[in-house]
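Beneath this line is the structure, given in structure tokens, with notes to follow.
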Amino acid sequence: MTHQPSPGLLLRLAGPLQSWGEHSHFNDRDTLSFPSRSGVIGLLAAALGRQRHEPLDDLGDVSVTVRVDRTGTRMRDFHTVGGGLSGTQSVVTAEGKRRSGDTSTLTSTRWYLADAAFTLALTRDADGVPAAWASALATPRWPLYLGRRSCPPAGPLLLGRTSDALADLVNLPLARSTPREDVTPVLFLSDRPLSALPVPDDDHADQEHSTVLDDPLDFTPHRRRYRARSLYRRTVPLPAKQCTGYGTAHLKTLADYASSTYTSVTGSRT
């Protein structure tokens, strides 16, 4: 398949903890193994300074393609609230009463990804990605988090604007240790078929398709709505030399690549 360059934005999502829920309700807070579409659109909306009740129409047609640099480790947090408090300070029930001492502690289970790292390409069919999105991600109106407020990113999210987002997503340095083999398998995930990735034709096999409930329709509190969308998965062997380790060594290599490739970000959020 002939590759058609698609301009877009490149983001780096890495930090000590991330959590991208799909079916999180009340006392059970799950996480997907990759950044959710709703989480990424939420990041963009927060950067632009959107209120939660504002429409998402202009953000809904963005395509999100994820490269998994490091899968991280799933971590379970057994969370408690309200233990050891007196009757006048204990948790309020649905009837407006106070819980008694032996039932005042509420428990919940919260899942996280520890030490995971992802690189994302944001693209759009119509008119490309607005420059205001890049400016907002570079200087966000509100703080940005990796799924939950307890999960700040390890650094700036925006790597830059590029004239060929998918090509750069394939070629960017990888945040993982160098393997002994000549190639390393890298997982890509997207809301669109991954046949558009600029890799050799022999690597187009074994593309998996499923659905995931993470396409947001409304972020209004108590009225949040999501719909199912397609999820495509594909593993591509990339050169081992793209693996540049961890920490400052990787960040320096990434910065050198970005400064020589990406368009500088200027302008406003509007």
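The values are calculated or read from the model by the stated rules, or taken from the named source; none is laboratory data. All of these numbers come straight from a predicted model, not from anything done at the bench. Reconstructed Cβ throughout: ideal geometry from the backbone, glycine too, with neighbour counts over all protein chains shown.
Table for the structure above
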item	result
Elements of type strands (runs of 3 or more DSSP E) contained in the stretch 100-189, each with 1 or more residues being closer than 18 Å to ALA46 by Cα	117-123, 158-162
Lone unmet requirement of (1) at negative phi; (2) modelled with pLDDT of 95 or more; (3) not basic (Lys, Arg) for GLY49	(1)
Flag if ARG223 is among the basic types (Lys, Arg), closer than 16 Å to THR119 by Cα and either touching a residue at least 40 places away in the same chain (Cβ under 8 Å) or outside any strand (DSSP E or B) (or both)	no
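For (1) more than 26 Å from SER33 (Cβ to Cβ); (2) modelled with pLDDT of 90 or more, each residue gets a yes or a no:
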| site | (1), (2) |
| --- | --- |
| THR88 | yes, no |
| SER108 | no, no |
| LEU122 | no, yes |
| GLY128 | yes, no |
| ALA134 | yes, yes |
| TRP142 | yes, yes |
| ARG149 | no, yes |
